[in-house]
Amino acid sequence: MSCAAVWVPSPCSPSPARGCTRRRQRRGSASSSSTFRACAGGDASGDGGGDGRPPRMVLHDSLDGAGVSTEHARAARDGFAKQVGRLTRLDAETSIAISRGADLARAALFVAAEDDSLVSHSSVPLPVEAFISRLDDLSTGFLADGYLPPAGAPPQVFLDHLDRYLYVHKGFRRKNGSSDGRAIYLHSVLTCRLGSALMLSLIYSEILKMLRLYGLLEFSVEIFFPHDLNSLPRGYDKHKSKLGDEPHIMTSKSLLVEILKTLKNTFWPFQSNQAGSLFLNSVSANQHGPGNVGDNQATPHGNISTIEMAAAKAAQHRLMRGVWTNVRFGDMRRALAVPNQRFVTFIFMTACERLILLNHDPRELRDYAALLYHCGYYEDCLQYLASYQTAVAGQHRNNPLEIMEDEAVNTLKARVSLILAEDGWSSRRSPATSYWTKNSEPW
């Protein structure tokens, strides 16, 4: 199965670092002149367009058309895509404790760099190399601060010293829940020393890899990734692994996927119900979103209270007068606006596009299509829906939720086809400004 790889113009490449770090010398530069977005563990072909070309990703082009600079965002996306391109099928399924190919820390920092550039509109890119150096310093501090055990110490003693160094001496703590997106951005975790289990696992693995490069790790190590709400990632002797440990082993690809899925789930603009399907929420918002609400506010997939709808309409009115507001209930103009001193949800769009690059799950094509629909990119939406249906052709559905989702895909596809069939629709509107105009449908 192929994913929607993308060929887009790249106006710039990441700026050279001010001085090379040790890791940069070992792993190579993140700069890349290549603009082809290869997919992890898959081929780079696509099947979205009628002329054989894959569907495009629209966020950066749309923001450029709206007058928002994407120079640093494109450079960061290019750096992330280059790291993803290094993930062969074998490397993608390798444990993060011994990962090969992609530099996971650098990939995670490029995720943060892209989102930071879109949120902050800063003229200065996030200093990826500076945070790589901070990771290096964290690893060498294990030696400098006297936590390296005597030569010949048992593996468990070595790992106990490492745990005390990271979680006690350096004070890294785990942040539960996903309400604070900063806990899944590596640069923020390195600064605040408070992060998700995903970020703590990544930091732990980076220290292990550095110690291995120094020749100080003389035994095989695995990292136990906790699935509860409180435990910390910890290393253990791989020779003492048990059969039940496999679900707690995080691979290179699964780590990147989980980071991006957490961002997507956290900032998805359609959060009006708890049905467990982001896609159904977005499709439901077609009929029950702000400005298009029927008499019955209850839907098969959730409920929106009268108070919530009043708040959504008030927020929409403020936005129409040029006042930034909050992100709720499927209004894509507010979902892509900058709320006061909080966060923006350019992030869910970037998370969706990067998940497609990872070639993880064809449902990402479908979810991205739903976002394109609400943004007014109907032709691109139709291509992504077609790519999704091609990818899942022949699969038998037994789960009631999956059946509902497939029915919603057919409904959305028919709706988009009707919109495109209206005479002159594609020529009357400029997709580059679809995010910012008042209505996303011709009626």
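The values are calculated or read from the model by the stated rules, or taken from the named source; none is laboratory data. Keep in mind the model is a prediction, meaning the values are calculated, not measured. Glycine also receives a Cβ, built like all others from the backbone with ideal geometry; neighbour counts cover every protein chain displayed.
Scanning region 205-234 for residues that are crowded, with 22+ Cβ neighbours inside 10 Å and free of Cβ contacts under 8 Å to residues at least 40 places away in the same chain yields PHE225, PRO233. For region 85-96, filtering for residues that are more than 16 Å from LEU186 (Cα to Cα) and surrounded by 24 or more Cβ atoms within 10 Å (Cβ to Cβ) leaves 2.
Taking SER188 as the residue in question, decide whether it is closer than 20 Å to LEU263 by Cβ and either of a type in the set (Gly, Ala, Ser) or touching a residue at least 40 places away in the same chain (Cβ under 8 Å) (or both). Judged against the criteria, SER188 is a match. So in region 111-125, with the set limited to residues that are of a type outside the set (Asp, Glu) and buried (at least 21 other Cβ atoms within 10 Å of the Cβ), which one is nearest to ASP64 (Cα to Cα)? It comes out as LEU118. One residue alone among LEU87, LEU104, LEU143, LEU148 is within 22 Å of ILE223 (Cα to Cα) and at pLDDT 95 or above, and that residue is LEU104.
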